[in-house]
Structure formats: structure tokens, C-alpha cells
Amino acid sequence: MAAVRILGIDPGLRNMGWGVIESEGSKLSFVACGTIKSNDKLTLADRLCQLFDGLSEVVHLYQPHEASVEETFVNKDARATLKLGQARGIAMLVPARAGLLVAEYAPNLVKKTIVGAGQSRPENTRRGRCAGPRAHPCPTPDTAKTGAGFGVKADAACGRKKA
């Protein structure tokens, strides 16, 4: 069975986390993870361009076969939710334009994949691993770790491995 490379994305306007895993049979391997940051001193349009360019570079560099993006959740702050939705649009557009299948998953399912509990606190997620119990610790912020978790969830949903 050929290895499948999956890009997981945790969208955000300030910090967009991403993680890449590789699945071959029942084996998951950590490839890379990171955070794309936008400059909050710039206009919204320019910040979205920064996210687009950064995520495009990740797709080009790691050549994933599929992508997985966090589903939208509603905040109490409508403006923040709208901005998150725009960043999420970038997170879906970049891999789709590269010809990748883009799946969406609820945040609590991904947290459950990383730490075994869907309502985990941030400090528990920080102690989690990027791509399951035998993976490398993610050396970057929580958004990158969650991005990798979206990759693991996509792998499980496709039936290649149970999470």
C-alpha cells in the first residue's frame, strides 16, 4: 500500500496551524508541523494574503495528497467568528486549488484523537502528541499540534487507521 500524506489545518487569522502526517497501512508517521502567522498591523486583505502565501508554500514543500480542516464553531463575538471564517476559507481554498481532497472535522473529534478526550483543556493538548501516541512531540504551538491532529483524524475517517 502506498503512503498517503495528509495536511491537517487549524485555521486562524492570527495563527494558522498546520501539520503533515504520512499514513502507510496501519503506520502513521510525523512529517512536519508549524504555524503561519499574519501581521495584525496589516489590513485584513493583506493578512489573508499572508496566510494564503504561507499555506501555499507548505502545500508546495510537503506535497500532501489530502487535506483536513477544522469545522467552523460560533464564538460569542460575531466579528471574531466572521474573521475566523475568512481565514478558514483560505485554509480550504489553498489545498482545493492544488487539487487535494479537503475534508472537514469538528474540533472536539480532533482533540479526542490527540489526547483521548473531546473537551480537553489546552494544557492537556500541549502534552499530547502530533500524530498519536508513538509520534514525535510537536515542537511548535498548540495550533500546529491541532493541525497535525486534523491529519490524524482524516486518516482515521478514511479507514486507514482507527483513531
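The values are calculated or read from the model by the stated rules, or taken from the named source; none is laboratory data. Keep in mind that what you see is a predicted model, and the values were worked out from it rather than measured. Reconstructed Cβ throughout: ideal geometry from the backbone, glycine too, with neighbour counts over all protein chains shown. We work out accessible area using only protein heavy atoms, side chains counted, and drop any ligands, DNA or RNA first. Shrake-Rupley method; radii C 1.70, N 1.55, O 1.52, S 1.80 Å.
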(request) From the list GLY17, GLY12, GLY25, pick out the single residue that is open to solvent by 20 Å² or more (accessible area, probe 1.4 Å) and in contact (Cβ under 8 Å) with a residue 40 or more places away in the chain. (result) GLY25
(request) Tell me which residues, restricted to the range 31-46, are under 11 Å from GLY12 (Cα atoms) and either more than 18 Å from the chain's Cα centre (by Cα) or among the hydrophobic types (A, V, I, L, M, F, W, C) (or both). (result) ILE36
(request) Within the range 61-101, track down each residue that is among the hydroxyl-bearing types (Ser, Thr, Tyr) and either within 16 Å of GLY8 (Cα to Cα) or not in a helix (DSSP H, G or I) (or both). (result) TYR62, SER68, THR72
(message) Against the conditions (1) within 14 Å of the chain's Cα centre (by Cα); (2) modelled with pLDDT of 90 or more, where does ILE114 fall short? Just the number, please.
(response) (2)
(message) Given the options GLN86, GLN119, name the one that is within 21 Å of SER38 (Cβ to Cβ) and either modelled with pLDDT of 55 or more or in contact with a helix residue (DSSP H, G or I) (Cβ under 8 Å, 6 or more places away or on another chain) (or both).
(response) GLN86
(request) Could you list all residues from the range 31-46 that are touching a residue at least 24 places away in the same chain (Cβ under 8 Å) and closer than 19 Å to PRO95 by Cβ? (result) VAL31, ALA32, CYS33, GLY34, THR35, SER38
(message) Kindly evaluate GLU104 against the criterion of being part of a strand (DSSP E or B) and open to solvent by 70 Å² or more (accessible area, probe 1.4 Å).
(response) yes
(request) For residues that are touching a residue at least 24 places away in the same chain (Cβ under 8 Å) and among the polar types (S, T, N, Q), scanning just the range 47-63, find the one that is surrounded by the most Cβ atoms within 10 Å (Cβ to Cβ). (result) SER56
(message) Taking the condition of being in contact with a strand residue (DSSP E or B) (Cβ under 6 Å, 6 or more places away or on another chain) and under 30 Å from ALA80 (Cβ atoms), how many residues in the range 12-33 meet it?
(response) 9
(message) Based on this model, can you work out whether CYS33 counts as modelled with pLDDT of 95 or more and surrounded by 13 or more Cβ atoms within 10 Å (Cβ to Cβ)?
(response) no
